[in-house]
Amino acid sequence: MTPVFRFAPSPNGRLHLGHAYAAMRDYDLCRRAGGRFLLRIEDIDPERSRPQFEAAILDDLAWLGLVWEEPVMRQSERMDAYRAALDRLRELGLLYPAFMSRKEIAEATAGPGWPRDPDGAPHYPPRDRDLPAAEVEHRLAEGARPALRLRMDRAVAEAGDLHWIEGGADSNGTDERRTADPAAWGDVILARRDVPTSYHLAVVVDDAYQGVTHVVRGRDLLHATSVHVLLQHLLGLPRPHYHHHRLIVDATGAKLSKSARDTTLADLRADGATPAEIRDMVGL
């Protein structure tokens, strides 16, 4: 079977050196494996996604020398697929509407010892897990717009022990069996208040739809793989090999960020940088 790799940027800003490293490493590994390379635009956030950023991303990637299969897939065109996945999880009794505001969550989790997920956010309080149906219907009738969360205790009990293969995308490395720990994330959001999906759900559904066999991405998403493996099991989806690479950081050791306005590829191109020099900058 031909390996399938994908690069999946979000069109909420210009690409920087961290994105360049991720894209080129992904592409290099794909070519080394003789695989197919896909591009997916992760534009589920309607407030931050912009057509001009998508156009700039395509331009930057082509300038770096990447070639991908057409058509490019956009998550904004896949909402029906995400709703179908949510319906399946709902049928399994694993979803519930979560009504608490950020302020209410902060107040309920302010005490010492409250569990936090690998990103440092507090686990969602269990208050909404078993609300009576009549109360849920009453709140919805009044205009409440809840998020949908995964009931993690039931999901973990349903799935049992889970693992994934780490490093499989790197032919120079050694595959490692990693044990998944989705419970560390608590009741994760699978559909936001304003969008019928979340990163966790969309990435799992789309990787399966596109036949992705190798997921290459940064180490900042290593722990999130536990949630993805769980969702793959619950939805009966195939499990790719994963390879989580190093991150490009600034002088302080912080991950490069669009929101921090770190130097973009467009800036470097305007200053005369070449794709070969970009490779040198990121250690490729």
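Yes or no, residue by residue, for (1) surrounded by fewer than 17 Cβ atoms within 10 Å (Cβ to Cβ); (2) at pLDDT below 95; (3) in a loop (DSSP other than H, G, I, E, B):
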| position | (1), (2), (3) |
| --- | --- |
| Tyr242 | no, no, no |
| Asp262 | no, yes, yes |
| Ala266 | yes, yes, no |
| Gly272 | yes, yes, yes |
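Could you look through the stretch 11-36, keep only residues that are of a type outside the set (Gly, Ala, Ser) and surrounded by fewer than 19 Cβ atoms within 10 Å (Cβ to Cβ), and pick out the one that is nearest to Thr197 (Cα to Cα)? It comes out as Asn12.
If I ask for residues that are in a loop (DSSP other than H, G, I, E, B) and at pLDDT below 95, which ones from the stretch 161-186 would you list? Give the steps one after another, and end with the answer.
First, the residues of the stretch 161-186 that are in a loop (DSSP other than H, G, I, E, B): 161-162, 167-175, 180-181, 186.
Within the stretch 161-186, Gly167, Gly168, Ala169, Asp170, Ser171, Asn172, Gly173, Thr174, Asp175 meet the criteria.
Within the stretch 65-78, the set of residues being surrounded by 18 or more Cβ atoms within 10 Å (Cβ to Cβ) and over 21 Å from the mean Cα position of the chain (by Cα) comprises just one member, Leu66. Look at the stretch 223-241: where a residue is under 18 Å from Gly167 (Cβ atoms) and a partner is in a strand (DSSP E or B), sitting 6+ places away or on another chain with Cβ atoms under 7 Å, you get Thr225/Trp164; Thr225/Tyr242; Val229/Trp164; Arg239/Trp164; Pro240/His214; Pro240/Val215; His241/Ile165; His241/His214. Set side by side, the residues Ala98, Ala155, Ala81 differ, and just one is surrounded by 13 or more Cβ atoms within 10 Å (Cβ to Cβ), in contact with a Lys or Arg (Cβ under 6 Å, 6 or more places away or on another chain) and either of a type outside the set (D, E, K, R) or more than 30 Å from Arg14 (Cα to Cα) (or both), which is Ala98. Within the stretch 110-125, the set of residues being assigned to a loop (DSSP other than H, G, I, E, B), at negative phi and surrounded by fewer than 16 Cβ atoms within 10 Å (Cβ to Cβ) comprises Ala110, Gly111, Pro112, Trp114, Pro115, Pro118, Asp119, Ala121.
When His233, His228 are screened for being at pLDDT 95 or above, more than 16 Å from the chain's Cα centre (by Cα) and part of a helix (DSSP H, G or I), only His233 passes. Residues in the stretch 1-44 that are closer than 15 Å to Thr264 by Cα, touching a Leu at 6+ places or on another chain (Cβ under 8 Å) and among the hydroxyl-bearing types (Ser, Thr, Tyr): Tyr21 only. Just one of the listed residues (Val195, Val204) is under 23 Å from His19 (Cβ atoms), in a helix (DSSP H, G or I) and among the β-branched types (Val, Ile, Thr), and it is Val204. Among strands (runs of 3 or more DSSP E) entirely within the stretch 1-103, having at least 1 residues that are of a type in the set (Lys, Arg) and in contact (Cβ under 8 Å) with a residue 24 or more places away in the chain singles out 4-7, 36-41.
If the condition is being of a type outside the set (Lys, Arg) and surrounded by 13 or more Cβ atoms within 10 Å (Cβ to Cβ), then the stretch 127-141 contributes Asp128, Leu131, Val136, Leu140.
From the list Arg36, Arg50, the one residue that fits, being at pLDDT below 95, over 17 Å from Thr263 (Cα atoms), over 18 Å from the mean Cα position of the chain (by Cα) and not hydroxyl-bearing (Ser, Thr, Tyr), is Arg50.
Residue-level check: of (1) at pLDDT 90 or above; (2) crowded, with 16+ Cβ neighbours inside 10 Å; (3) not aliphatic (A, V, I, L, M), Tyr209 misses just (2).
Yes/no per residue for (1) in contact with a Ser or Thr (Cβ under 8 Å, 6 or more places away or on another chain); (2) under 19 Å from Arg217 (Cβ atoms); (3) of a type in the set (D, E, K, R):
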site	(1), (2), (3)
Phe37	no, yes, no
Arg40	no, yes, yes
Pro46	yes, no, no
Arg50	no, no, yes
Asp60	no, yes, yes
Val67	no, no, no
Pro71	no, no, no
Arg74	no, yes, yes
Glu77	no, no, yes
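Kindly indicate whether Gly111 is farther than 23 Å from Leu190 by Cα and modelled with pLDDT under 95.
Details: farther than 23 Å from Leu190 by Cα: yes; modelled with pLDDT under 95: yes.
Yes, satisfied.
The values are calculated or read from the model by the stated rules, or taken from the named source; none is laboratory data. Predicted, not measured: the structure shown is a model, and the values here were computed from it. Reconstructed Cβ throughout: ideal geometry from the backbone, glycine too, with neighbour counts over all protein chains shown.
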